[in-house]
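What follows draws every value from the coordinates through simple rules; no lab data is involved. Please read these numbers as outputs of a predicted model, since none were measured by experiment. For neighbour counting, all protein chains shown are included, and Cβ atoms are generated from backbone atoms with ideal geometry for every residue, glycine included.
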């Protein structure tokens, strides 16, 4: 049951993340998303959440100054985690 609750919590986090970023993009508010990426501590986030940030921001990557640096921080963090697939970032740059 605890595992099921964690799944629901993760799914809810993902829903909120995608909705918030999508709403910001629709409003033309790229700066707040860019600032969000700049401030994320990649060491504290799950791989799933890091991938979600990269996926959600991919369509506007040219308008997000800090996304490239965020991608590099994510790449380095994933490379440092022994249980992570290094190819998981393919297509998200």
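The listed residues are 51, 37, and the only one of them that is in contact (Cβ under 8 Å) with a residue 40 or more places away in the chain, part of a helix (DSSP H, G or I) and out of contact with any strand residue (DSSP E or B) (no Cβ under 6 Å at 6 or more places or on another chain) turns out to be 51. Could you tell me whether any residue of the stretch 64-78 is assigned to a helix (DSSP H, G or I), over 12 Å from residue 93 (Cα atoms), in contact with a helix residue (DSSP H, G or I) (Cβ under 6 Å, 6 or more places away or on another chain) and without any contact (Cβ under 8 Å) to a residue 40 or more places away in the chain? No, because not a single residue in the stretch 64-78 is assigned to a helix (DSSP H, G or I), over 12 Å from residue 93 (Cα atoms), in contact with a helix residue (DSSP H, G or I) (Cβ under 6 Å, 6 or more places away or on another chain) and without any contact (Cβ under 8 Å) to a residue 40 or more places away in the chain.
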